[in-house]
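The values are calculated or read from the model by the stated rules, or taken from the named source; none is laboratory data. The structure displayed is predicted, hence computed values, not measured ones. Ideal geometry is used to build each Cβ from the backbone, glycine not excepted, and the neighbour counts take in all protein chains shown. When the accessible area is computed, the model is the full protein with side chains, heavy atoms only, and any ligands, DNA or RNA have been set aside. Shrake-Rupley method; radii C 1.70, N 1.55, O 1.52, S 1.80 Å.
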Amino acid sequence: MAASPLISLSTLLILCTLAKATPPGLILTLVNNCPYTIWPAIQANAGHPVLERGGFSLSTLTHRSFSAPAAHWSGRIWARTGCSHSTNGHFSCATGDCGGRLECNGLGGAAPATLAQFVLHHGHADFSTYGVSLVDGFNVPMTVTPHEGKGTCPVVGCRADLLKTCPHALQVKGKPHGAVVGCKSGCAAFGTDELCCRNHYNSPHTCRASSYSEFFKHACPATFTYAHDSPSLMHECSAPKELKVIFCH
């Protein structure tokens, strides 16, 4: 027997009330403005859930949105570039590779890679903290753009294409044509304790900027460029509705 119009209308009103009572939570959106396909990767910090299986393909001029965890979460997002399946089915990327997997499922990426770092849902006012790090080098321009947050919610990141100006000693060249695909950090290039802020240099007092980190800082002042760096833009962004990670912004 068909439901009466009165019952149907009541059900609809209840559903509408529930929808208004439970607004959508924080959305993460990854946008590919690069003129080529990238393979975004997501790594959660220990104890936090993996999002979107840790990685996927994202064609040029497309985006992908998904819900962030409703509770406290921290982790990082980066782009993998130059990825392909070989004739034997092995998947690998020129930069940012996570152990030869399409879905990283918790694995980290190979340097150099531009990293977006997040700490979501923390503090007394549901803060979202975010930043862009060049401590592990650079592979694509990237910004993090918040929407509808309260407080201080700047756009941060690195819009410059540092592959064009990367010092020769830091360049990573791809195959087969030898184009520059990444720009290493001084630590990755030379491995000294001083450049890597290890051992005696592992403190805010002894870990200092170098000529190599200054190359990154000059181009992109609102980024982390060495282990104990303090970027010029700090923020306390409360309850944003969306955080966009824009590649090649």
Checklist entry - How many of the residues in segment 211-230 are open to solvent by less than 30 Å² (accessible area, probe 1.4 Å) and in contact with a helix residue (DSSP H, G or I) (Cβ under 9 Å, 6 or more places away or on another chain)? => result 4
Checklist entry - Taking interchain pairs and intrachain pairs at least six residues apart, which have beta carbon atoms under 8 angstrom, with the first residue in segment 85-108 and more than 23 Å from Cys183 (Cα to Cα) and the second open to solvent by 70 Å² or more (accessible area, probe 1.4 Å) and outside any loop (DSSP other than H, G, I, E, B)? => result Glu103/Arg53; Asn105/Arg53
Checklist outcome for this item: Reported set for segment 134-163 where residues are open to solvent by less than 40 Å² (accessible area, probe 1.4 Å), out of contact with any helix residue (DSSP H, G or I) (no Cβ under 7 Å at 6 or more places or on another chain), closer than 13 Å to Trp78 by Cα and not in a strand (DSSP E or B) is Asn139, Val140, Pro141
Next on the checklist: Please count how many residues of segment 71-97 are small (Gly, Ala, Ser), more than 14 Å from the chain's Cα centre (by Cα) and surrounded by 19 or more Cβ atoms within 10 Å (Cβ to Cβ).
Outcome noted: 2
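Does Tyr36 meet the test of being touching a residue at least 40 places away in the same chain (Cβ under 8 Å) and under 14 Å from the mean Cα position of the chain (by Cα)?
Details: touching a residue at least 40 places away in the same chain (Cβ under 8 Å): yes; under 14 Å from the mean Cα position of the chain (by Cα): no.
No: the conditions fail for Tyr36.
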Checklist entry - Which residue pairs have Cβ atoms under 6 Å apart, sit 6 or more places apart or on different chains, and have a first residue in segment 193-210 that is closer than 19 Å to Ala111 by Cα and a second that is acidic (Asp, Glu) and open to solvent by less than 100 Å² (accessible area, probe 1.4 Å)? => result none
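May I ask you to verify whether Gly131 is among the small types (Gly, Ala, Ser) and assigned to a loop (DSSP other than H, G, I, E, B)?
Working: among the small types (Gly, Ala, Ser): yes; assigned to a loop (DSSP other than H, G, I, E, B): no.
Answer is no for this residue.
Looking only at residues that are out of contact with any helix residue (DSSP H, G or I) (no Cβ under 7 Å at 6 or more places or on another chain) and surrounded by 14 or more Cβ atoms within 10 Å (Cβ to Cβ) in segment 195-207, which one is farthest from Gly157 (Cα to Cα)? Explain how you work it out, then say what you get.
First, the residues of segment 195-207 that are out of contact with any helix residue (DSSP H, G or I) (no Cβ under 7 Å at 6 or more places or on another chain): 197-198, 202-205.
Filter once more, so that each one left must be surrounded by 14 or more Cβ atoms within 10 Å (Cβ to Cβ): 197-198.
Numbers: Cys197: 23, Arg198: 26 Å.
Here the residue is Arg198.
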Item to check | Hits in segment 231-245 - residues which are in a strand (DSSP E or B) and either of a type in the set (Ser, Thr, Tyr) or open to solvent by 20 Å² or more (accessible area, probe 1.4 Å) (or both) | outcome: Glu236, Ser238, Glu242, Lys244
Checklist entry - Filtering segment 110-128 down to residues that are assigned to a loop (DSSP other than H, G, I, E, B) and over 14 Å from Ser185 (Cβ atoms), which residue is least open to solvent (accessible area, probe 1.4 Å)? => result Ala125
